[in-house]
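Since the structure comes first, as structure tokens, the remarks are kept for the end.
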Ligand SMILES: [Zn+2]
């Protein structure tokens, strides 16, 4: 019943290259009952009810760990630490997703605001919102304001303190 509308063309401007609407059904779709069993109540409230965690309370808003942020609901890789920046807004902020086809954009007019909701393209779970033109000086001038609780960080291989200083890693 409650099919959400897919992204309309007026999604972020840089999202143009592969602007084909993500009309594919969510590969990781479960019923809300199944999600409720799989997720904690806090996760469910944000991921499946489009809730928002309180700022400065999530585990990643101030994280500088290198790695990949995956959807906490389905595990799809959505963001990277490479695109994360310090917005000081209290939520993890990215200037771009890992790839445009990893997320979908939904027009959100709740709370009397015109916002663009960001969802996981894999399972349709709520991630946060994307804001534009705030002057953060990032390459895209976009801020993907994402709930920590919607994400799970997989740190990249941290070189262990003792061994394996493999040569040839020069950039
Ligand atoms: Zn997902």
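Laboratory data are not the source of any read-out in this text; all were calculated from the coordinates shown. Just so we're clear, the structure is a prediction, and the values are computed from it rather than from any experiment. Positions of Cβ are generated from backbone atoms using ideal geometry, with glycine treated the same way; all protein chains shown enter the neighbour counts.
Scanning region 111-127 for residues that are touching a residue at least 12 places away in the same chain (Cβ under 8 Å) and either on the phi > 0 side of the Ramachandran plot or out of contact with any strand residue (DSSP E or B) (no Cβ under 7 Å at 6 or more places or on another chain) (or both) gives a single hit, 124.
Could you pull out the residue among 135, 90 that is free of Cβ contacts under 8 Å to residues at least 24 places away in the same chain and either in contact with a strand residue (DSSP E or B) (Cβ under 7 Å, 6 or more places away or on another chain) or away from the ligand (no atom under 16 Å from the Cβ) (or both)? Don't jump to the end; show me each part of the working.
On the way: 90 fails: free of Cβ contacts under 8 Å to residues at least 24 places away in the same chain.
Going through 135, 90 in turn, just one is free of Cβ contacts under 8 Å to residues at least 24 places away in the same chain and either in contact with a strand residue (DSSP E or B) (Cβ under 7 Å, 6 or more places away or on another chain) or away from the ligand (no atom under 16 Å from the Cβ) (or both): 135.
For region 22-58, a residue qualifies if it is more than 16 Å from the ligand (Cβ to nearest atom) and in contact with a strand residue (DSSP E or B) (Cβ under 8 Å, 6 or more places away or on another chain), and exactly one does: 52. For region 93-109, the set of residues classified as over 19 Å from residue 26 (Cβ atoms) and touching a residue at least 60 places away in the same chain (Cβ under 8 Å) consists of 96 only.
Screening region 96-124 for residues that are under 20 Å from residue 63 (Cβ atoms) and touching a helix residue (DSSP H, G or I) at 6+ places or on another chain (Cβ under 8 Å) and picking the one that is surrounded by the most Cβ atoms within 10 Å (Cβ to Cβ) gives 120. Within region 22-34, the residues that satisfy the criterion of being surrounded by 12 or more Cβ atoms within 10 Å (Cβ to Cβ) and within 18 Å of the chain's Cα centre (by Cα) are 22, 26, 28, 29.
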